[in-house]
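Taken together, the values in this text are just the output of simple stated rules run on the coordinates, not laboratory data. All values reported here derive from a predicted model rather than from experimental measurement. Cβ coordinates were reconstructed from backbone atoms using ideal geometry, including for glycine residues, and neighbour counts include every protein chain displayed.
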Amino acid sequence: MRDQFPFAVARVTRRWRKMLDERLKDLGVTQARWSTMVYLQQGGEGLTQRELASLMAIENPTLVRLLDSLEQQGLIERRACPNDRRARRLHLTKPGAEFMDELSERAETLREEMLEGVSDKEIACAIKVFHKILENAEKQK
């Protein structure tokens with residue numbers, strides 16, 4: 001059973017992302033772009049590019065390309081940081097906030113469909129297991 005666990009987690013993750021990606025396709029954003037916006041919203045507006053890259057666990061040059069495309073779409077904007085002239089703070093625009101509202105609504109619908117028949121107790125147990133796995137992974141660094 002233990003040997004199947006990582007593969008089951010990976011399959012669920014891929015399937016979940018693929019299904020959400022399909023439901024967001026008409027909004028004109030790729031999975032990489034919408035996930036960047038989710039991290040920005042969750043991390044709190046006003047993050048620097050470096051902070052967001054760290055939160056997403058990706059390299060800064062990769063993030064810059066994503067942010068450039070999101071900025072061209074009018075979903076985010078970079079603002080000068082008052083404390084550091086070199087840094088730029090990231091913010092959702094009004095269309096970006098509206099996009100996130102739509103994404104959240106569609107994601108919630110998918111979440112409810114995919115978690116049908118799974119109790120809150122089972123979900124809490126799964127989250128506890130994932131946290132323990134992440135904790136163990138941090139010890140390996």
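Remarks
- Cut-off of 10 Å, at most 14 other beta carbons, DSSP loop: longest stretch of the chain lacking such GluC sites (Glu not before Pro): 60-115
- Around the Cα centre of the chain, unit charges on the Cβ atoms of Lys, Arg, Asp and Glu (plus for the first two, minus for the last two) sum to a dipole of about 660 debye.
- Choice from Ala32, Ala124, Ala57 with maximal GNM fluctuation in the chain (Cα, 10 Å cutoff): Ala124
- Listed by chain and number, the aspartates and glutamates whose C-alpha is less than 15 Å from the C-alpha of Lys128, apart from same-chain residues fewer than 8 away, are Asp120.
- Helix runs (DSSP H) in the chain reaching 24 Å along axis by Cα, Kyte-Doolittle at least -0.5: 5-24, 120-139
- Relative contact order of the chain, taken over Cα pairs closer than 8 Å and 6 or more residues apart, is 20 percent.
- Counting only residues at least eight positions apart within a chain, or on another chain, the lysines with an alpha carbon under 21 Å from that of Lys121 are Lys132.
- Contour excess over end-to-end distance, with Cα ends at Glu105 and Ser119 and 0.36 nm allotted per residue: 2.9 nm
- Calculated P(r) tail over 14 Å for segment 57-141, as whole % of Cα pairs: 78 percent
- In segment 1-125 the Cα-Cα distances spread across 10 Å bins starting at 0 as 11, 37, 31, 16, 4, 0 percent of all pairs.
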